[in-house]
Amino acid sequence: MLESRCKEKTAKQIKSTLKHRYDGCTRPSRKPGFIAENVLNRDFHADNPNEKWVTDVTEFKYGTSFDDIHKLYLSVILDLCDRRPVAYVLGDSNNNQLVFDTFDQAVALNPDAKPIFHSDRGYQYTSRAFHHKLEQAGMTQSMSRVAHCTDNGPMEGFWGILKREMYYKKKFHSREELVSAIVEYIDYYRNDRPQRGLGILTPMEYH
């Protein structure tokens with residue numbers, strides 16, 4: 001029976017989308033300006049919006065051939081209460097400005113928010129300039145321990161869902177094509193994708 005089903009799937013060219021192993025551990029900054037304690041301590045539950053935010057940057061690739069590969073970076077801040085992307089910015093470089101712009105966008109959209117702000121120990125987050133921005137906003141900075149990706153588990157989970165549903169097994173030939181796909185997916189994730197952890201509601205419905 002099992003063998004016949006496998007043959008049938010092969011004949012119809014039916015393939016499952018396998019979950020890729022996502023190794024999201026970022027190398028810590030060699031010369032950090034500021035290191036915060038792991039205040040979040042894997043307590044990913046939040047009763048109210050803007051109580052706990054997590055953040056990270058991930059990489060995408062696009063191009064027309066192996067000799068024409070370019071990179072695009074996505075910086076996102078995620079709310080642990082409703083799992084909505086609070087803010088996101090796309091850029092061609094994984095630099096301080098990308099992270100700073102994402103944070104500024106989140107603060108502009110949520111001016112009264114004073115969450116625990118959790119990240120890894122990437123150089124953007126350990127800079128004195130970024131720590132100063134958090135202090136000015138009245139937020140508590142928290143950082144994952146070195147080589148402990150699960151300290152930022154919800155953020156890694158978000159990357160896995162996003163890439164599995166809109167990126168893996170697809171080819172993006174231009175920057176515009178990739179940007180459009182990411183923007184459309186985040187809008188879908190916010191407004192139309194129900195989540196079991198939210199009682200089968202979308203992030204914005206739960207919010």
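The values are calculated or read from the model by the stated rules, or taken from the named source; none is laboratory data. As the structure is a prediction and not an experimental result, all values here were calculated from the model. Because the Cβ atoms are built from the backbone with ideal geometry, glycine has one as well, and the counts that use them run over all protein chains shown. What goes into the accessible areas is simple: the full protein's heavy atoms, side chains included, and nothing from ligands, DNA or RNA. Shrake-Rupley method; radii C 1.70, N 1.55, O 1.52, S 1.80 Å.
Before moving on, here are some points about what is shown:
- Single residue of segment 136-159 satisfying the filter (part of a loop (DSSP other than H, G, I, E, B) and among the hydrophobic types (A, V, I, L, M, F, W, C)) that is least open to solvent (accessible area, probe 1.4 Å): MET139
- ASN94, sole failed condition from (1) under 17 Å from the mean Cα position of the chain (by Cα); (2) closer than 18 Å to HIS207 by Cα: (2)
- Within segment 45-68, considering residues that are acidic (Asp, Glu) and touching a residue at least 24 places away in the same chain (Cβ under 8 Å), the one least open to solvent (accessible area, probe 1.4 Å): ASP56
- Scanning segment 160-207 for residues that are open to solvent by less than 80 Å² (accessible area, probe 1.4 Å), over 18 Å from VAL54 (Cβ atoms) and basic (Lys, Arg) yields ARG164, ARG175, ARG193.
- When the test is whether a residue is farther than 19 Å from TRP159 by Cβ, out of contact with any Asp or Glu (no Cβ under 6 Å at 6 or more places or on another chain) and either open to solvent by 50 Å² or more (accessible area, probe 1.4 Å) or in contact (Cβ under 8 Å) with a residue 24 or more places away in the chain (or both), ALA113 passes it.
- The number of residues in segment 68-91 being among the small types (Gly, Ala, Ser) and within 11 Å of the chain's Cα centre (by Cα) comes to 2.
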